[in-house]
1. I need the peptides 107-115, 120-128 ranked by packing, meaning the mean over residues of other C-beta atoms within 10 angstrom, with the highest value on top.
2. Work out, step by step, the length gained on full extension between residue 268 and residue 191: first 0.36 nm times the residue separation, then minus their alpha carbon distance; give nm to one decimal.
3. Classify segment 237-283 from the C-alpha gyration tensor, please: rounded if a/c falls under 1.5, else prolate or oblate depending on whether a/b exceeds b/c.
4. How would segment 1-142 be classified by its alpha-carbon gyration tensor: rounded, prolate or oblate, with rounded meaning a/c under 1.5 and the a/b versus b/c comparison settling the rest?
5. Quick one: check the C-alpha center-to-center distance for segment 251-300 versus segment 90-139, whole angstrom.
6. Efficiency by 1/(1 + (r/R0)^6): what FRET value for residue 224 and residue 46, r their Cβ-Cβ distance, R0 = 25 Å, to the nearest 0.05?
7. Taking the Cα-to-Cβ direction at residue 299 and at residue 29 and moving 7 Å from each Cα, how far apart do the two end points lie in nm?
8. Dipole magnitude of segment 11-106 about its Cα centre, charges +1 at Lys/Arg Cβ and -1 at Asp/Glu Cβ only, in debye to the nearest 20?
Amino acid sequence: MAYRTPVMIDKLSMTIDINSRAHSGVLQRLQAMELHEDVLRVTNADSNLLKSYRYAYLVNISPDQACTIQIAPKDRGDRRRFMRLEWNPHKSSRGGGNSFDRILHCLSECIPTFDPIAVITESSITRIDISFDLFRVPVDSLLAFTILRKPNSRRFAELQQDYGPRGYLNSVDLGRYDADRYLVIYDKNIERRKRGIGGIGLYKNGTTVGYRPIPRTRFELRLRDVGTYRDFLTLPNPYENYTITTFRSARAPSQDHHWVHFLDSCEVRGAQAALSLIENRRIRTQYRDALRACQPPDWWNPSLLWEEAKNAFRRILLPDTNPINGQTTA
């Protein structure tokens with residue numbers, strides 16, 4: 001039986017406006033904090049962290065996770081000064097506690113006129129990645145498409161042989177990577193194998209002889225330039241832009257050979273690309289509507305997913321210990 005994990009926040013990027021008069025003080029305090037083991041300045045000129053910013057620091061917020069702090073954008077000159085924060089809330093909070101509390105503590109030490117309420121309510125969310133995993137649901141059992149423009153599909157070419165000789169997709173991208181709304185659906189086990197992480201151990205005579213990964217599909221929704229905390233909570237539900245169904249559900253209504261050929265194309269190219277190949281607009285609309293009419297999986301509930309995402313975001317910025325807790329922010 002399929003199992004869906006709770007929705008989690010995998011990446012969060014925010015920018016904080018810094019008063020021009022306080023800007024130099026922030027830099028001085030960050031430089032002084034380098035004496036502590038939990039603050040490290042990035043000095044490699046080739047680092048991506050210094051591609052657009054003059055200064056970058058890594059602040060330890062958990063045993064194996066750091067928050068990136070970047071300050072002084074190169075292309076802004078002295079016209080506008082702000083600080084950029086980026087971290088993985090889900091991973092950095094797995095050991096207990098709240099990573100944002102530790103980030104607020106760091107900011108309170110380096111910003112002379114620090115206001116935690118302003119950080120939470122007025123900071124601009126430049127990127128947020130919202131994810132969940134499906135266990136026992138292979139990615140090549142799903143049909144996914146969107147009303148958004150220019151989606152595509154891809155393969156992990158170097159691992160293509162791992163998912164079968166017929167060349168089914170193990171990753172589907174819906175939207176452009178740099179777009180404001182981008183959903184990627186991929187085989188999480190392939191990514192884990194690339195990082196040297198196995199699956200369930202297989203044993204013979206008490207000895208591990210290999211691993212059998214349970215099918216695990218990651219849904220990762222990436223939102224850019226969201227606005228403030230309040231703007232995020234009032235966004236239209238982005239999951240409603242996507243249609244998700246299964247090949248089992250799509251094959252049930254008809255065995256018409258045109259429909260079967262279309263589904264075969266979906267397995268190789270992805271549903272969105274297969275729809276795009278149909279030049280006749282009327283027929284393309286018929287096929288798209290037929291997919292929309294298919295029964296979605298029980299775990300695909302856009303309203304529930306979006307409510308979980310907003311609650312996950314609230315728990316990051318408004319834990320019990322934050323000074324704004326209990327006040328109205330939305």
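Here, each number is a calculation from the coordinates, and none is a lab measurement. Not measured: the values here are computed from a predicted model. A quick note on method: Cβ atoms are made from the backbone with ideal geometry, for glycine too, and the neighbour counts reach across all protein chains shown.
1. Top of the packing list down: 120-128, 107-115.
2. Values: separation 77, 0.36 × 77 = 27.72 nm, distance 2.03 nm.
Length gained between residue 268 and residue 191: 25.7 nm.
3. Since a/c reaches 1.5 but b/c is at least a/b, the shape of segment 237-283 is classed as oblate.
4. Prolate.
5. Between the Cα centres of segment 251-300 and segment 90-139 lies a distance of 39 Å.
6. Taking R0 as 25 Å, the efficiency between residue 224 and residue 46 is 0.50.
7. Each label point lies 7 Å from its Cα, and together they span 4.4 nm.
8. In debye, rounded to 20, segment 11-106 gives about 400.
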